[in-house]
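**Q** Handing you a structure now.
Nothing in this text is a laboratory measurement; each read-out follows from the coordinates by a stated rule. What you see is a predicted model, and the numbers here were worked out from it, not measured in a lab. Heads up, the Cβs are rebuilt from the backbone with ideal geometry, glycines too, and the neighbour counts pull from every protein chain shown.
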Amino acid sequence: MKIRERLASIIDRAIEIVSPTTALERSAARKATEEFSNAFQGARYNRISNNWEVTSGSADYDLLPDLPTLRERSRELLRNDCHAASVVSSLVDNTVGPTGIRPQSAIRAEILGVSEEEAAEIRRACEVAWERWVDHADISRRENFYEIQRMVLRSIVVNGESIILPVRKDRISSPYSFALEVIEPDRLEYPGNLDSVAGRFNRRSGVELGKYGNPVAYWIRTNGHPGDGIYERPANNKHRRIQALDSEGNPQILHIMNSTRPGQTRGEPMLAPCLQTFKDLASFTEAVLVRERVSACFSMFIQRDDPYNAAVNRSDETVNSQRIQEIEPGMVSYLAPGENVTFGNPGPSSAGYDSFVMRHLRSIGAALGLPYELVAKDFSQTNYSSARAALLESRRVFGRWQNTLINHLCKPTYSMVIEEAWLRGEIPVRDFERLKSEITRSRWVPPSYGWVDPKKEVEAAQLAIDAGLSSLAIEAAAQGRDWEQVLEQKAREEARRKELFDADPESGDES
């Protein structure tokens, strides 16, 4: 752009010498063209916006070259930055909660062509099979399924994606062979990191794409993490090609990612838009800390005229003949003749530090869709109205990620568990293949968020039910409960109460 402008300027000056009228017409035409082509101020190149660098690449062109660096910096922040750790923990804790997102069988009797009693029996069998499997979900035997949910979401936030391999392997004490293997996204790579278009497959960062951009296969590094160093396990075949779907259309790999643009092959770390903001905040905090430490260490130096006494009274500490040079709070030091000290003035105390930190944390929260209170864990200036508004806004973000986990992790996993349970004869239903989608139909209940004001919110829930705008199932699910379990528990409690406190008229007992 600058070269073209210089060349045009030289030509204009040359024409102006020969024909001033033509030069004037060229200038007017250029100005009109610029005004027409830059109707939007944000698209104009001028003195202020001339250094605004932009690209016109595709989603993969813009992301894939920078993805390793974005992942590494996100992980470094999570290890060493308290605010970044708070953001990730808040997102995971509020999305998955301490107990996880739990399933309820949602089989419909009329679809299966059975009675409601038979449908209830099938539901109970499915839920019993699921509960038996949950504690054996991890192929490495470290996590249960609800802990895997937390790990998967954390990986999506920090790495931009999570990769889960369904595994079928008989294990001691496990009721089913099906299990999940969660792997780091770094292991998804094409051998030699050479992406190319080969035949009808387009290889991009370890993913083979089909005609319509659909994943056809994934290349997984089999001998451990590429950054495993001395712990790396040697293997002849370092990569394995895994088909995205098997012959029956079941997923052979679950690739859950933070997708922000059409045609995106790999996930973008959620912290990417605010990495520089985190770094600036950490640098400013360090500078303030150093300034305050220096301010607290101003010391008094006394210079003597008697060189003999000055030398005798000195007691410099040395290490390897090198003088240790440092200042301490309240230090008094005697200088030899001819020595002088010049202080650097660290300036006044950082009175605006809190407002600076708050503004940056608000910017980070805005990028991630979280209120400042959850990012900073600061509720000191919150009342009922502001707390409820902030929580309602943030719950939209949590709900979006809950739906992502439910659709791409929970439902496929539930379907595979129930299918194996049926193969083992634990689900009392025939013609499973034809009715598979209905038999594996499930409803997932997220954890409860709790109440800001229990009295007001319980009354509002009761009014909504009475007005026909809600139901017990909806309100119970909002609190992370199963409405059927609530009713069953109430029935058991009522029966027990009658057993203990109701009088027996024939025995003469008093109630």
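**Q** Under the classification rounded if a/c is under 1.5, otherwise prolate if a/b is larger than b/c and oblate if not, where does the stretch 350-395 fall, given a ≥ b ≥ c as square roots of the Cα gyration tensor eigenvalues?
**A** oblate
**Q** What FRET efficiency do you get for ARG434 and LYS498 if R0 is 56 Å and r is their Cβ-Cβ distance, rounded to the nearest 0.05?
**A** 0.75
**Q** Dimensions of the stretch 83-163 along principal axes (Cα, Å, largest first)?
**A** Here the spans come out as 54, 25, 22 Å, largest first.
**Q** Here's a follow-up. Excluding same-chain residues fewer than 8 positions from LYS498, which lysines have a Cα within less than 24 Å of its Cα?
**A** The reachable lysines, counting only those whose Cα sits under 24 Å from LYS498, are LYS490.
**Q** Out of every Cα-Cα pair in the stretch 32-114, what percent are more than 17 Å apart?
**A** Here the tail beyond 17 Å accounts for 76 percent of pairs.
**Q** Once you have the alpha carbon radius of gyration of the stretch 372-502, what is it after dividing by 2.2 N^0.38 Å, with N set to its residue count?
**A** Values: Rg = 20.2 Å, N = 131, 2.2 N^0.38 = 14.0 Å.
Normalised Cα radius of gyration, the stretch 372-502: 1.44.
**Q** For the stretch 243-291, what D do you get in µm² per second when you plug the Kirkwood radius from alpha-carbon pairs into Stokes-Einstein at 37 °C and 0.692 mPa s?
**A** Once the numbers are plugged in, D ends up at 226 µm²/s.
**Q** Give the calculated FRET efficiency between LYS411 and LYS456 to the nearest 0.05, with a Förster radius of 30 Å applied to their Cβ-Cβ distance.
**A** 0.30
**Q** Separate question: What's the percent breakdown of Cα-Cα distances in the stretch 108-214 across 10 Å bins, shortest bin first?
**A** Cα pair-distance distribution for the stretch 108-214, in percent: 12, 26, 25, 24, 10, 2.
**Q** Starting from 0.36 nm per residue, how many nanometres of slack lie between GLU286 and ASP170 once their C-alpha separation is accounted for? Working shown, then result.
**A** On the way: separation 116, 0.36 × 116 = 41.76 nm, distance 5.32 nm.
Length gained, GLU286 through ASP170: 36.4 nm.
**Q** Compute the distance in nm between two label points, each set 7 Å from the Cα along the Cα-to-Cβ direction, one at GLN381 and one at PHE356.
**A** For the pair GLN381/PHE356, the computed spacing is 1.7 nm.
**Q** Moving on. Separation of the stretch 72-117 and the stretch 375-432 by C-alpha centroid, Å?
**A** Computed from Cα coordinates, the inter-centre distance equals 5 Å.
**Q** Among 435-444, 275-284, how do they line up from the highest to the lowest mean number of other beta-carbon atoms within 10 Å?
**A** Descending mean neighbour count gives 435-444, 275-284.
**Q** Another question, if that's okay. Add +1 for every Lys or Arg and -1 for every Asp or Glu among the other residues with Cβ under 12 Å from the Cβ of THR285, and state the total.
**A** -3
**Q** Let me ask another. What Kirkwood hydrodynamic radius, in Å, does the stretch 415-464 give when the mean of 1/r is taken over all pairs of distinct Cα atoms and then inverted?
**A** 14.2
**Q** Can I ask one more? Cα to Cα, under 23 Å, and not fewer than 8 places away if on the same chain: which lysines meet these conditions relative to LYS377?
**A** Those lysines meeting the cut-off are LYS279.
**Q** Using the per-residue mean of other Cβ atoms lying within 10 Å as a proxy for protection, in what order, highest first, do the peptides 79-86, 119-126 fall? List each step's numbers first, then the result.
**A** Numbers: 79-86: 15.5, 119-126: 18.5.
Result, highest mean first: 119-126, 79-86.
**Q** Give, rounded to the nearest 20 debye, the magnitude of the charge dipole that the stretch 40-145 has about its Cα centre when Lys and Arg contribute +1 at Cβ and Asp and Glu contribute -1 at Cβ.
**A** Taking the Cα centre of the stretch 40-145 as origin, the dipole is about 540 debye.
**Q** So what's the Cα pair-distance distribution over the stretch 24-166, bin width 10 Å, in %?
**A** 9, 19, 20, 17, 13, 11, 7, 3, 1, 0
**Q** Another question, if that's okay. If I stretch the segment between GLU16 and THR222 completely, what's the gain in nm (0.36 nm per residue apart, minus their alpha carbon distance), one decimal?
**A** Values: separation 206, 0.36 × 206 = 74.16 nm, distance 7.03 nm.
This chain segment gains 67.1 nm when fully extended.
**Q** List the pair-distance distribution P(r) of the stretch 131-184, using every Cα-Cα distance, as the percent of pairs falling in each 10 Å bin from 0 up to the bin containing the longest distance, rounded to whole percents.
**A** Spelled out bin by bin, the stretch 131-184 gives 26, 52, 19, 3 percent.
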